[in-house]
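> Please see the structure below; I have some questions.
The values are calculated or read from the model by the stated rules, or taken from the named source; none is laboratory data. Computed from a predicted model, the values in this text were never measured in an experiment. Using ideal geometry, Cβ is built from the backbone for each residue, glycine included, and neighbour counts are taken over all protein chains shown.
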Amino acid sequence: MSILLCPVCGEKLNRIDSSFCCKSGHSFDMAKEGYVNLLLGSKPGDSRGDSKESARARHEFLQKGYYDCLKVAIGERLSGTVLDICCGEGYYDDYDGPFYGFDISKEMVRLASKRNKSDNYHYFVANLSSIPIESESIDTAMHLFAPFQENEFSRILKPDGVLYSVIPGENHLFEMKEILYENPYKNDEKAPETTGALILQDTTKVAEKVTITGEDLWTLFSMTPYFYRTSEEDKAKLKATKSLDLTVEFVILKYVKH
Ligand SMILES: C[S@@+](CC[C@H](N)C(=O)[O-])C[C@H]1O[C@@H](n2cnc3c(N)ncnc32)[C@H](O)[C@@H]1O
Ligand SMILES: [Zn+2]
């Protein structure tokens with residue numbers, strides 16, 4: 001039984017062959033990769049969220065394993081029916097049970113469906129401000145480096161459901177910032193504030209030192225917000241760096257439903 005909802009009328013969607021249909025007759029075809037686009041108003045060729053180029057850059061970087069410590073730590077926390085909110089290219093989606101994942105970027109969802117092909121994975125294109133999933137249907141939601149929407153996340157969780165939200169740790173990529181800036185600052189590790197629908201219950205840090213080589217370092221840099229705020233002169237310092245021992249540090253915030 002699907003927990004997906006029709007984005008037009010909010011009725012349940014049922015899978016019939018390679019389409020998802022509601023009883024009011026709205027129908028959404030599955031793409032050949034196996035995902036379904038439930039984002040209203042999107043036309044063929046439309047791209048919202050991250051671009052194709054940045055999707056590919058993330059894909060290439062992540063598959064080299066530099067963030068594996070986070071993948072392992074998240075994997076250990078998954079149980080029941082799982083939802084990856086803003087799944088990106090599905091790198092962290094390693095699970096045997098019922099698994100749903102969505103992103104607003106069709107290219108990201110396409111890559112995620114190609115990566116994770118087993119029948120337990122269900123990917124769809126959607127906006128996190130209106131997740132086309134039944135209320136109280138998810139045991140574990142994961143949410144990595146993406147915008148936060150307390151009420152919508154709380155709505156889709158079962159009464160004892162849990163949300164794991166990940167933000168960068170204070171020392172994340174610090175050695176890269178030391179090369180780029182005279183006075184590098186640490187990340188503020190500010191957990192998204194909640195108003196009561198979700199309660200922050202626990203905080204865990206996951207960190208590792210990885211050795212990263214020239215081209216990968218540049219790809220990683222291009223994925224960060226620093227890329228757009230750094231002068232050409234400072235960028236050149238990083239370009240000249242052949243290899244770097246770099247801290248990757250993440251904070252896993254455990255929110256429970258109130
Ligand atoms: C920094 S990426 C993280 C992706 C993935 N969680 C990961 O860690 O690899 C942020 C993602 O959020 C998605 N995104 C941004 N705004 C969104 C929205 N309103 N609804 C759904 N996805 C959104 C982007 O398309 C992008 O894939
Ligand atoms: Zn409908």
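> Is it the case that the stretch 57-70 has a residue that's more than 19 Å from Ser222 (Cα to Cα), crowded, with 16+ Cβ neighbours inside 10 Å and under 13 Å from the mean Cα position of the chain (by Cα)?
Scanning the stretch 57-70 turns up at least one residue that is more than 19 Å from Ser222 (Cα to Cα), crowded, with 16+ Cβ neighbours inside 10 Å and under 13 Å from the mean Cα position of the chain (by Cα).
> Of the residues in the stretch 117-133, how many are out of contact with any Lys or Arg (no Cβ under 6 Å at 6 or more places or on another chain), in a strand (DSSP E or B) and among the β-branched types (Val, Ile, Thr)?
Here the count works out to 1.
> Now for a separate question. Just to be sure I understand the filter: pairs with C-beta atoms under 8 Å, separated by 6 or more residues or on different chains, first member in the stretch 94-123 and over 19 Å from Leu39 (Cβ atoms), second member among the aromatic types (Phe, Trp, Tyr). Which pairs pass?
Hits for this filter: Phe99/Tyr121; Arg115/Tyr91; Asn116/Phe99; Asn116/Tyr123; Asn120/Tyr95; Asn120/Phe99.
> Go through the stretch 167-203 and count every residue that is of a type in the set (Val, Ile, Thr), outside any loop (DSSP other than H, G, I, E, B) and in contact with a helix residue (DSSP H, G or I) (Cβ under 7 Å, 6 or more places away or on another chain).
1
> Right, next: Which residue out of Val256, Val251 is modelled with pLDDT of 95 or more and out of contact with any Leu (no Cβ under 9 Å at 6 or more places or on another chain)? So that I can check it myself, show each step before the final result.
Numbers: Val256 fails: out of contact with any Leu (no Cβ under 9 Å at 6 or more places or on another chain).
The unique qualifying residue is Val251.
> If you check Ser222, Ser231, which single one turns out to be under 18 Å from the mean Cα position of the chain (by Cα) and at pLDDT below 95?
Ser222
> Right, another one. Among the residues of the stretch 8-20, write down those that are more than 8 Å from ligand 2 (Cβ to nearest atom) and not β-branched (Val, Ile, Thr).
If the condition is that a residue be more than 8 Å from ligand 2 (Cβ to nearest atom) and not β-branched (Val, Ile, Thr), then Lys12, Asn14, Arg15, Asp17, Ser18, Ser19, Phe20 are the ones that fit.
> How many residues are within 11 Å of ligand 1 (Cβ to nearest atom) and out of contact with any strand residue (DSSP E or B) (no Cβ under 8 Å at 6 or more places or on another chain) when one looks only at the stretch 100-111?
Of the stretch 100-111, the ones within 11 Å of ligand 1 (Cβ to nearest atom) are 101-109, 111.
Still in the running and out of contact with any strand residue (DSSP E or B) (no Cβ under 8 Å at 6 or more places or on another chain): 107-108, 111.
Residues flagged as within 11 Å of ligand 1 (Cβ to nearest atom) and out of contact with any strand residue (DSSP E or B) (no Cβ under 8 Å at 6 or more places or on another chain) within the stretch 100-111 amount to 3.
Condition check ((1) crowded, with 22+ Cβ neighbours inside 10 Å; (2) within 12 Å of ligand 1 (Cβ to nearest atom); (3) modelled with pLDDT under 95) across all residues:
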| site | (1), (2), (3) |
| --- | --- |
| Pro98 | no, no, no |
| Ser113 | yes, no, no |
| Ser129 | no, yes, no |
| Glu134 | no, no, no |
| Ile138 | yes, no, no |
| Glu150 | no, no, no |
| Leu157 | yes, no, no |
| Gly161 | yes, no, no |
| Asn171 | no, no, no |
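> Can you confirm whether the stretch 58-73 contains a residue that is within 16 Å of ligand 2 (Cβ to nearest atom) and of a type outside the set (Asp, Glu)?
Taking the stretch 58-73 and keeping what is within 16 Å of ligand 2 (Cβ to nearest atom), we get none.
No; the residues of the stretch 58-73 include none that is within 16 Å of ligand 2 (Cβ to nearest atom) and of a type outside the set (Asp, Glu).
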